[in-house]
Amino acid sequence: MSRQDNDPALHTVVDHLGQGIAMFDRDHRLVLSNNLFQQLLELPDDLVRPASTLDDIIRFLVVRGDFGDGDHEALVGARLAQIDNKNVSLTERPGHKGQYFEVRTDHLPEGGMVISYSDISSRIDAERELAKVNQSLEARVKDRTQELTALNSELERARAKADAANLGKTRFLAAASHDLLQPLNAARLYTSTMIERAHGSDLARLAQNIDASLGAVEDIMSALLDISRIDSGALKPSNSTFSIQELLRKVRVEFEPAAAEKNIKLRLVGADSAVHTDRRLVARVVQNLVSNAIKYTPEGGSVLVGCRKRGNRIRLDIIDSGIGIDKGQQSLIFNEFSRLEPGARIASGLGLGLSIVQRICSALNLQLEVESTVGKGSRFSIYARETTKAAEPYKEPEHFARTLNSEQFSALQILCVDNEIDILDAMNALLSGWGCNVRTAKSLKAISQSSMLEGWIPDIVLMDYHLDQTSGLDAIQWLRQTIGGHLPAVLITADRTPQVRELAAERDISVLPKPVKPAALRALIGRLT
C-alpha cells in the first residue's frame, strides 16, 4: 500500500477493505491507495506512489486499451470529465482482461475524491446467465403457450364435434322413435281391437300378452329418448313452485293399484311443504323410484313415500322393505342397462330407470342419496330447497272416467287422418267395433278430392301431427274453416315435447300421445263429444 506516514491508522483500515481504494487531493494527486487497487487495475509500482496523478493512471489505462479504441488524449479527457462530474458517482466498465468493475467516485467536501473499484465479474456473469435462462424460459413458455393454444383449439373442435354428434343422436332418436312408434301404434290398436272382439277367449289372452310386450317396447323407447334429450341438453327445466303434498297425491292415484296387486302397503306421509323446481321432471323421478320400490319389494312388504325438513331443504324419501342392494354395487345401479342379481330375476327391464333418475337430478341440481341393506330394503332420497312462496295453481290432468254407451257411439261420425295406411286401418277397426261411423284419409288433398265432407260432417276429428305436406295443427284449422263452427279435435302424436302441447292448447286441440291407448281414446272422445 502506498501511504504517507502521518496517518498509519487510516492506512490500516483502507488495507482491510474489500474494495480497491484510492484517495486523491483536489489537484488529482494520489494521497493513498491500498494493494487491492493496484491489483485490480494491474498498475505498476510507480503509479501507486504518493504524488502520482490521476491523469497518469488514466493515461496508462487508456494506452493499455481499457477504454477501447480512439484518440488517447480524447479518451483521457472524457474519463477525467466523467470523474469530475459530481452528478455521476457510480459507473460500470470492463477491464482489459474481460473482468468487469463497478467504479464509485465520492467527492470530498474540502476537495479531492475517493475512488473505489469492486470486481463484479461474477455478478455480471450471473446476470448474463440469468438473462439467457430467462430468454430460454420465455421461448419455452412461448412454445408451450402455442402448444396449449393448439391443444385448446383441438379440444374446442372435438367438443363442438361431440356436441354436434350428441345433437345429431338426439335428432336421430327423435326421428327414429317417431318412425318406430308409427307401426307400434298400429300394432297396439290392432291388439286392442282383438282383445275387445275376442273378449274372454284364448285369442284375447294372446292379444293381451302381445299388447303387454308392445307396451314394454314403448317404455324402452321412451326411456332411451329421455336419456338422449337429457344428455344433449335438449331437456330444459321449467321451474315452478309446487306442493309436495300434490306430488304425493299423484303417487297414491298412480301406484295404489300396483301396490295392492302385490299386497304391498303403500304409505304416504309428510308435511305440506313447497319447493321450487321442475314439477314434471321431479314427478318423473318419483315415479321411477316408486315403481322400482314396488317392483323389487316382495309381496306383503311395504313402501313409504314421504318428506321431511332438513334445515332449509326438503328431503323426499322413497323407502322400501325390498331385497336391498349390496353397498359395493350401489354405484353401478345408475349405469345404463345395469341390472344386478337378484333383481334381474325378480323383475324384467333394461335397467334404464335409475339412469334417468340420476340424469334428471343432475340437470335440476338436486342431491340424490341412496342407502340400502341387502335383505332389509332401500332408501332413495332427493333433496330440494324449500321455498316460502305459495304453491302455484296447478290443474290436475283429467282422468276421464265418463264414456259413451253403444248407442251414443253408434251416432258418432269420426274422421281419422294419418299418412300411414296401417294406422288408419287399425283405427277404423277399433272405432267401428265401438259402433262409430268412421271415415279415413291420408291427407287434406285426399279429403278434398273425394268430396268426403259433402253431406257428412264429422263430430270429431282424430288427426296425426306429422302429415306429408302439412302439420296436423294446420290441417285441423283448415277443417274447421271448411266445415264452419267448432270442430272437436284430437292431435295424435309421438312428439312429447311441451312445445307441441302448448301450440295445441292455444288452438283448443286435445293431445293424445302415441301409441294410442284405447281406454284413453274412448274417454277423450266421451269428453269432447
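Listed values, structure above:
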read-out: Long-range amide H partners of T241 with built H, under 5 Å; value: E392
read-out: In Hz, Karplus ³J(HN,Hα) per residue of region 299-313 (6.51, -1.76, 1.60; θ = phi - 60°; x = Gly, Pro); value: 4, x, x, 9, 10, 10, 10, x, 9, 8, 7, 9, x, 9, 10
read-out: For E386, distant residues with modelled amide H under 5 Å away; value: R313, I314
read-out: Region 406-528: radius of gyration and largest Cα-Cα distance (Dmax), Å; value: 13.4, 37
read-out: Relative contact order (%) - criterion: Cα under 8 Å, at least six apart; region: region 406-528; value: 21 percent
read-out: Proximal charge balance of L203 [Cβ under 13 Å; K/R count +1, D/E count -1]; value: -1
read-out: Estimated distance in nm for a label pair at E261 and K445, the labels positioned 7 Å out from Cα along Cα-to-Cβ; value: 4.6 nm
read-out: Region 8-119: relative contact order in percent, alpha carbon pairs under 8 Å with at least 6 residues between; value: 27 percent
read-out: Distance between region 436-476 and region 38-55 - C-alpha centres, whole angstrom; value: 120 Å
read-out: Derived scalar couplings ³J(HN,Hα) [region 238-255; Karplus, 6.51 cos²θ - 1.76 cosθ + 1.60; whole Hz; x for Gly, Pro]; value: 10, 7, 8, 9, 9, 8, 5, 4, 4, 5, 5, 4, 5, 4, 4, 4, 7, 10
read-out: Listed pairs K250/K295; K445/K514; K236/K327; K161/K445; K86/K132; K376/K517 exceeding 30 Å between Cα atoms; value: K236/K327; K161/K445; K86/K132; K376/K517
read-out: Nearest-0.05 FRET efficiency for T388 and L148, computed from C-beta distance (R0 41 Å); value: 0.30
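Read-outs: derived from the displayed coordinates by stated rules, not from any lab. If you're wondering where the values come from, they're calculated on a predicted model, not measured in any experiment. In this analysis, Cβ positions are derived from the backbone assuming ideal geometry, glycine residues included, and neighbour counts consider all displayed protein chains.
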